[in-house]
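Chemist: Below is the structure I would like to discuss, written out as structure tokens.
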Amino acid sequence: MISHVLPTYNRAPISFERGEGSWAIATNGDRYLDLGSGIAVNVLGHANPELVAVLTEQAGKIWHVSNVYQIPQQEKLADLLVENTFADTVFFTNSGTEAAELAIKMTRKYWDHEGQPDRIEILTFDGAFHGRSTGAIAAAGSEKMVKGFGPLMPGFKQLPWGDMDALRAAISDKTAAVMVEPIQGEGGIRPIADADLHDIRALCDQVGALLILDEVQCGMGRTGRLFAHEYAGITPDIMMVAKGIGGGFPLGAVLATERAAAGMGAGTHGSTYGGNPLGCAVGTKVMEIVSSDGFLAEVNRKASLFRQKLEGLVAAHPDVFEGVRGQGLMLGLKAKVAPTDLVKAGYDEHILTVAAADNTLRLLPPLNITDEDITEAVARLDRVAAHFDGS
């Protein structure tokens, strides 16, 4: 008999009722050190008092009015994003998947606006994850994502991850856009080299194609910069943002240049809840904190501490781990055992982690995790690894 909640998840047998910073407290009172952050969402931890205060204040005023009207909270957050990024304009969504869908629509509308409606092909990369809408799964193209959901939306071509020669061979004046994650999250914490990201931008410029960056998981300070592409010294034409931007409240956004958004006039897109006062009030506070003086420097300091300790963990358990990968506090342990087994063993040690492809265990702690919690996290991971030594 089917459960009342559609059984599309393999859920762990744990329920949480509250949280405090980097800790999630289960219904039985057990405390778990959370290195998943709701999959890179809770960038300021659980029950952050500043976010609680701003959400509570806004909840006492007005929750929802729809985009038929001007929304001051939305305009304030858009101003902050434009001031701190490449973008000229912002559309607010509820999720990364919706952001991906709009990025695809915006690309096609741009070329239609330019008088080339047949220029629809978007180049993507193996291992990518852009969401679970029909457009997003067509963009990723992996068998596990698309099997049983055909026919797929046409107009996407997947290339081998990291293969710049393949990209050079595929890109042309018929290419509408290149869509890429600066660091693949679901794909196994795989960063694209800064030099390659720079070359991707240059190749797009040569043929006039748009560059779409998916920073849903790697954005909002996760890598030690506000957005990961900043390390390469380039800017996109369109960027998808979500997860961390709401600090746990459902919020996403598409950031774009004026050129890329040229076709998106009134009536071309919409969202009932996107950019509502509650979400944008919280998102504004997240943005203010993450972009404040010294915050990202502290993220980088903690990231260096965490990585150093993780390198020691890898050296201590050569039968379990191959190495550390990633940037900032978007880190992965490349494993020699199944990452799902490591996640399950972590439950016994009261630590929460996230499995990814390419045999990688994801570590995505809150950006304000304390030094003491970093030390405790590595101690618990050490006990997890001990279960697999000699395997």
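Just so you know, all these numbers are worked out from the coordinates, no wet-lab data involved. Computed from a predicted structure; not experimentally measured. Note that each Cβ is placed from the backbone with ideal geometry, even for glycine, and that neighbours are counted across all protein chains shown.
Chemist: Provide the gained length on full extension for the span E114 to H387, in nm with one decimal, where the gain is 0.36 nm per separating residue minus the Cα-Cα distance. Don't skip to the end; give the middle numbers.
Modeler: Values: separation 273, 0.36 × 273 = 98.28 nm, distance 5.91 nm.
Answer, rounded to one decimal: 92.4 nm.
Chemist: Round to the nearest 10 and give me the degree value, 0 to 90, for the angle of helix 371-386's Cα axis relative to the longest principal axis of the chain.
Modeler: 70 degrees
Chemist: Using the Cα centre of the chain as origin and beta-carbon charges of +1 (Lys, Arg) and -1 (Asp, Glu), tell me which of L51, F92, I189 is placed farthest towards the positive end of the dipole.
Modeler: Projecting each Cα onto the dipole axis, the largest value belongs to F92.
Chemist: Place a +1 charge on the Cβ of each Lys and Arg in the stretch 239-382 and a -1 charge on the Cβ of each Asp and Glu, then give the dipole magnitude about the Cα centre in debye, rounded to the nearest 20.
Modeler: That gives a dipole near 440 debye.
Chemist: Next up: Taking the Cα-to-Cβ direction at Y69 and at L305 and moving 7 Å from each Cα, how far apart do the two end points lie in nm?
Modeler: That separation, rounded to one decimal, is 4.6 nm.
Chemist: If contacts are Cα pairs under 8 angstrom and at least 6 residues apart, what is the relative contact order of the stretch 215-268 in percent? Could the numbers behind the result be given before it?
Modeler: Details: 61 pairs, mean separation 15.8, N = 54.
Reported as a whole number, the value is 29 percent.
Chemist: On to the next question. Treat every Asp and Glu Cβ in the chain as -1 and every Lys and Arg Cβ as +1, leave all other atoms uncharged, and give the resulting dipole magnitude about the Cα centre to the nearest 20 debye. Walk me through the numbers on the way to the answer.
Modeler: Working: 33 positive and 48 negative charges, 137 e Å.
Dipole about the Cα centre, nearest 20: 660 debye.
Chemist: Net charge near Q73: determine it from the other residues with C-beta under 15 Å of the C-beta of Q73, scoring Lys and Arg +1 and Asp and Glu -1. The partial results should precede the final answer.
Modeler: On the way: positive: K61, K76, K285; negative: E57, E75, D79, E288.
Residues near Q73 contribute -1 overall.
Chemist: In the chain, what is the volume of the convex hull around the alpha carbon atoms, normalised per residue and reported in Å³?
Modeler: Details: hull volume 61.4 nm³, N = 391.
So the per-residue Cα hull volume is 157 Å³.
Chemist: Apply the Karplus curve 6.51 cos²θ - 1.76 cosθ + 1.60, θ = phi - 60°, to the phi angles in the stretch 72-78 and return the couplings in whole Hz, x for Gly and Pro.
Modeler: Along the stretch 72-78, the couplings run x, 5, 5, 5, 5, 5, 4 Hz.
Chemist: Under the definition of Cα pairs under 8 Å and six or more residues apart, what whole-number percent is the relative contact order of the stretch 51-290? List each step's numbers first, then the result.
Modeler: On the way: 469 pairs, mean separation 75.7, N = 240.
Taking the mean separation of contacting Cα pairs over the length of the stretch 51-290, I get 32 percent.
Chemist: Quickly work out the D371-to-Q206 label distance, labels modelled 7 Å from Cα along the C-beta direction, and quote it in nm with one decimal.
Modeler: 4.8 nm
Chemist: Continuing with this model, one more query. With Cβ to Cβ distances under 14 Å as the rule, what net charge do the other residues near A53 carry (K, R +1; D, E -1)? Before the final figure, lay out the partial values.
Modeler: On the way: positive: K61, K285; negative: E50, E57, E288.
Once all neighbours under 14 Å are counted, the net charge is -1.
Chemist: Enumerate the whole-percent occupancy of each 10 Å bin, from 0 to the last occupied one, for all C-alpha pair distances of the stretch 294-363.
Modeler: Distribution as computed: 21, 50, 24, 4 percent.
Chemist: Over the stretch 90-135, calculate the relative contact order: mean separation of alpha carbon pairs under 8 Å at least 6 apart, over the residue count, as a percent.
Modeler: This gives 47 percent for the stretch 90-135.
Chemist: Which is farthest toward the positive dipole end of the chain among F16, Q217, M287, measuring Cα position about the Cα centre, with Cβ charges +1 (Lys, Arg) and -1 (Asp, Glu)?
Modeler: F16
Chemist: Can you give me the long-range amide H partners of E322? Hydrogens built in the peptide plane at 1.01 Å from N, cutoff under 5 Å, separation of 5 or more residues or another chain.
Modeler: Here K334, A335, K336 satisfy the definition.
Chemist: Please give the direction-averaged projected area of the C-alpha convex hull for the stretch 191-290, in square nanometres with one decimal.
Modeler: Working: hull surface 28.8 nm².
Averaged projected hull area, Cα only: 7.2 nm².
Chemist: Long-range amide H contacts for S95: which residues qualify at under 5 Å (H placed 1.01 Å from N, peptide plane, sequence gap of 5 or more or a different chain)?
Modeler: G252
Chemist: By the scheme Lys and Arg +1, Asp and Glu -1, what is the net charge of all other residues having a beta-carbon under 9 Å from that of D88?
Modeler: After counting each charged neighbour, the total is 0.
Chemist: Something else: Cross-link list K243/K285; K144/K309; K285/K334: which exceed 23 angstrom alpha carbon to alpha carbon?
Modeler: On the way: K243/K285 14 Å; K144/K309 34 Å; K285/K334 34 Å.
As for pairs spanning more than 23 Å Cα to Cα, those are K144/K309; K285/K334.
Chemist: Pull up the cross-link candidates among the lysines for K174, meaning alpha carbon to alpha carbon under 22 Å and not fewer than 8 places away within one chain.
Modeler: Result set, ordered by chain and number: K105, K109, K157.
Chemist: Residues with amide H under 5 Å of L363's amide H, sequence separation 5 or more or different chain, H placed in the peptide plane at 1.01 Å from N; which?
Modeler: Long-range HN contacts for L363: L331, G332, L333.
Chemist: Could you tell me which of Q327, V354, A297 has its Cα farthest along the dipole of the stretch 294-363 towards the positive end, charges placed at Cβ (Lys, Arg +1; Asp, Glu -1), taken about the Cα centre?
Modeler: Of the candidates, A297 comes out farthest on the positive side.
Chemist: Over all distinct alpha-carbon pairs, what is the Kirkwood Rh of the stretch 97-245 in angstrom? Mind showing how you got there, number by number?
Modeler: Values: mean 1/r = 0.0656 Å⁻¹.
After inverting the mean inverse Cα-Cα distance, the result is 15.2 Å.
Chemist: For the chain, give the share of DSSP beta bridges that are antiparallel, in percent and rounded to the nearest 5; count only bridges with both residues there. All intermediate terms of the calculation are to be shown ahead of the outcome.
Modeler: Details: 32 of 49 bridges.
Close to 65 percent.
Chemist: Sticking with this one: Which loop-located GluC sites (Glu not before Pro) does the stretch 236-328 contain, where loop means any DSSP state but H, G, I, E or B and the Cβ has at most 11 other Cβ atoms within 10 Å? Spell out each step's value before the answer.
Modeler: Values: sites: E258, E288, E298, E311, E322; in loops: E258.
Sites meeting the loop and neighbour criteria: E258.
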